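The structure under discussion appears below in the form of structure tokens.
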Amino acid sequence: MVSMPRQYYNKVHTEKSFRLLQKLAGEVEFVLIGGWAVNYYVKQQNSLDIDIIIAPETLEYFKKYGIDNYGIDVMYTTIDAVRVDLFVQGISDKELLIPIPEIISSSARIGGVKVVKKEVLMLLKFGGYFSFDRTKTDKDIIDVVGLLFYGSIDLDEVKRYTDKYGIDERKGPVGMLEYLDKGEKYWDFITDSREEYQRLKEKAKADINKVFYNKG
């Protein structure tokens, strides 16, 4: 059973973000990644920003709100005080661990929104394109651990992606093991108790070691 922990972000702000996400889903084509994508698989943490992959021509839709960039090949706009991060096919590809065509082809509709495959999503959380923002890094830890505990992640599938795209272990199994340890200080955003966190952590670590390192 998925735990319902306390929320990382303010409820008023996340509710506004979710309403915008629903509005965008009815008006423009995109693939959802980031925190809201995690929420579609693990009904725990709501998100603040909206992270989406779009085709270049879809930028036209967002121009009316104004478009800027982070100094990397990721653009953003702000709509009704909600930040929308735009990963544009053919422009933002190098900022992601998995090629955008693969992300798009592996996506599926959930509740009317096209969402990235959860095993791909897991790896995207190690992308590091917002590593300068501590709050986003902490939330990534919570999201990754939530997926490992409650997302029914197919680790064999994750390994196929890391092998296929030559993803560094630090952004794969080593990163997952590290996040499981770091996540302990955020246990109340993930589980009902420290004891439950420890139990699920040890199981997740054993599964990761078995799949990636043939241990156990």
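The values are calculated or read from the model by the stated rules, or taken from the named source; none is laboratory data. All values reported here derive from a predicted model rather than from experimental measurement. With ideal geometry, Cβ positions are generated from the backbone for all residues, glycine too; neighbour counts draw on all protein chains shown.
Details
- Looking across the range 56-70, the residues that are more than 20 Å from PRO101 (Cα to Cα), over 19 Å from the mean Cα position of the chain (by Cα) and not in a strand (DSSP E or B) come down to GLU60, TYR61, PHE62, LYS63, LYS64, TYR65, GLY66, ILE67.
- Single match in ASP73, ASP85, ASP138 (criterion: surrounded by 13 or more Cβ atoms within 10 Å (Cβ to Cβ) and part of a loop (DSSP other than H, G, I, E, B)): ASP73
- Taken over the range 8-34, the criterion of being buried (at least 16 other Cβ atoms within 10 Å of the Cβ), closer than 18 Å to GLU57 by Cβ and among the aliphatic types (A, V, I, L, M) is satisfied by LEU24, ALA25, VAL31.
- Here ILE153 fulfils each of the conditions (1) closer than 22 Å to GLN45 by Cβ; (2) in a helix (DSSP H, G or I) apart from (2).
- Cβ-Cβ under 6 Å pairs, at least 6 apart or on other chains, the range 92-103 side touching a residue at least 12 places away in the same chain (Cβ under 8 Å), far side surrounded by fewer than 16 Cβ atoms within 10 Å (Cβ to Cβ) and of a type outside the set (Ser, Thr, Tyr): GLU95/ILE72
- Qualifying residue in the range 18-40 (condition: of a type in the set (Gly, Ala, Ser), under 19 Å from ASP140 (Cα atoms) and touching a strand residue (DSSP E or B) at 6+ places or on another chain (Cβ under 6 Å)): yes
- Residue check, TYR8 part of a strand (DSSP E or B), touching a Lys or Arg at 6+ places or on another chain (Cβ under 8 Å) and among the hydroxyl-bearing types (Ser, Thr, Tyr): no
- Which numbered condition PHE130 fails, given (1) under 16 Å from TRP36 (Cβ atoms); (2) at pLDDT 90 or above; (3) not in a strand (DSSP E or B): (2)
- Hey, LEU121 buried (at least 18 other Cβ atoms within 10 Å of the Cβ) and modelled with pLDDT of 95 or more or not: yes
- Checked against the criteria, GLY166 does not count as assigned to a loop (DSSP other than H, G, I, E, B), under 15 Å from the mean Cα position of the chain (by Cα) and surrounded by fewer than 20 Cβ atoms within 10 Å (Cβ to Cβ).
- All positions within the range 79-100 that are more than 17 Å from ILE33 (Cα to Cα) and either in contact with a strand residue (DSSP E or B) (Cβ under 6 Å, 6 or more places away or on another chain) or of a type in the set (Val, Ile, Thr) (or both): ILE79
- Matching option when the condition is in contact with a Ser or Thr (Cβ under 6 Å, 6 or more places away or on another chain) and either among the polar types (S, T, N, Q) or at pLDDT 95 or above (or both), among THR135, THR191, THR162: THR191
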